[in-house]
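Structure first, commentary second.
The values are calculated or read from the model by the stated rules, or taken from the named source; none is laboratory data. What you are looking at is a predicted structure, and each value in this text was computed from that prediction instead of being measured. Counting neighbours? That spans all protein chains shown, and the Cβs are built from the backbone with ideal geometry, glycine included. These area figures cover heavy atoms from the full protein model, side chains too; ligands, DNA and RNA do not enter into them. Shrake-Rupley method; radii C 1.70, N 1.55, O 1.52, S 1.80 Å.
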Amino acid sequence: VSCGSGSPDSGSKAAAPGGCAKTWKAGWQTWADKVAMPVWCPGWMPSPVDAIIHGQWNTARVEQHQWQLGYAWLEEGQLVHVVFEGYPAGTFPPRCEGVPCFGGEEPGSETIAGHVVHWYDHNHASHSGHVAGIFTSGPDTYVVSIHVASPVSTKAIAKRDLRHIISSSTELKPS
C-alpha cells in the first residue's frame with residue numbers, strides 16, 4: 001500500500017461504531033488531557049498505520065498547546081504518512097520559515113461529517129508533499145494531511161482517504 005492509498009478492503013483499520021476506534025480511544029483521551037483542548041480521534045487509518053499514540057508508527061509533540069501527531073510507515077519505497085495537528089484559537093495559520101505552512105488552497109470547500117473542510121496542496125514542513133484537509137471546531141483549527149506518493153498514490157486517493165479519516169473521527173474533550 002502506498003501513502004494514502006488504503007481502503008477498507010485492503011486491510012485498513014475499520015471505523016468502530018460511533019467513530020474513534022476502541023483500541024485508540026484511551027491514548028487520544030490522554031492526548032486531549034495533555035494538550036488541554038479537544039482532539040478528533042479517527043476511527044479509520046490507511047493501512048498499515050494505526051492511530052495508536054506512542055505506538056510503532058507514531059511521533060508526538062506539543063509546543064505551547066499547538067500539537068502534532070505523525071504516523072509514518074516506509075518500506076520498499078512505499079510510504080504512508082498521516083499528520084494530525086491542533087491549533088487553539090489565535091494560533092492558526094502557522095508560519096514555516098517565514099511563509100505560511102499551508103498553501104495552494106483549492107477554491108470552495110466541502111462539508112464532511114458536519115465540518116467545513118478546506119483543501120490545501122502546496123504545504124511546507126511536515127506537510128510537504130501532502131494534501132491537507134483543514135477545518136475548525138469551536139474556536140480551534142484542526143489539520144489532517146496525507147503524503148501523496150506518486151505514481152501509486154494520487155491527490156484524488158489522498159483526498160478520499162482524508163474524507164474517510166475525518167468522517168470517522170470523534171471529538172474527545174479534555175477530562
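Key figures
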{"read-out": "Those residues of segment 41-67 which are out of contact with any strand residue (DSSP E or B) (no Cβ under 6 Å at 6 or more places or on another chain), closer than 22 Å to PRO88 by Cα, of a type outside the set (A, V, I, L, M) and open to solvent by 40 Å² or more (accessible area, probe 1.4 Å), in sequence order", "value": "GLU63, GLN64, HIS65"}
{"read-out": "The listed residue being under 13 Å from the mean Cα position of the chain (by Cα), farther than 29 Å from LYS34 by Cβ and not aromatic (Phe, Trp, Tyr), out of LYS155, LYS159", "value": "LYS159"}
{"read-out": "Segment 145-166, subset open to solvent by 10 Å² or more (accessible area, probe 1.4 Å) and of a type in the set (Val, Ile, Thr), residue modelled with the lowest pLDDT", "value": "VAL152"}
{"read-out": "Residue count for segment 21-38, restricted to those that are assigned to a helix (DSSP H, G or I) and in contact (Cβ under 8 Å) with a residue 12 or more places away in the chain", "value": "12"}
{"read-out": "Criterion: within 16 Å of MET45 (Cα to Cα) and in contact with a Pro (Cβ under 9 Å, 6 or more places away or on another chain) - qualifying residue of ASP140, ASP161", "value": "ASP161"}
{"read-out": "Segment 21-63 - residue that is basic (Lys, Arg) and closer than 18 Å to SER168 by Cα and, of those, farthest from the chain's Cα centre (by Cα)", "value": "LYS22"}
{"read-out": "In segment 115-124, the residues that are open to solvent by less than 70 Å² (accessible area, probe 1.4 Å) and part of a loop (DSSP other than H, G, I, E, B)", "value": "ASP121, ASN123"}
{"read-out": "Filtered residues of segment 102-114 (kept if buried (at least 17 other Cβ atoms within 10 Å of the Cβ), among the aliphatic types (A, V, I, L, M) and in a loop (DSSP other than H, G, I, E, B))", "value": "none"}
{"read-out": "Matching option when the condition is under 14 Å from the mean Cα position of the chain (by Cα) and closer than 20 Å to ASP50 by Cβ, among VAL83, VAL117", "value": "VAL83"}
{"read-out": "Meets criteria (within 18 Å of ARG160 (Cβ to Cβ), open to solvent by less than 30 Å² (accessible area, probe 1.4 Å), small (Gly, Ala, Ser) and not in a loop (DSSP other than H, G, I, E, B)) for GLY70", "value": "no"}
{"read-out": "All positions within segment 73-100 that are within 15 Å of HIS147 (Cα to Cα) and open to solvent by less than 20 Å² (accessible area, probe 1.4 Å)", "value": "VAL80, VAL82, VAL83, PHE84, GLU85"}
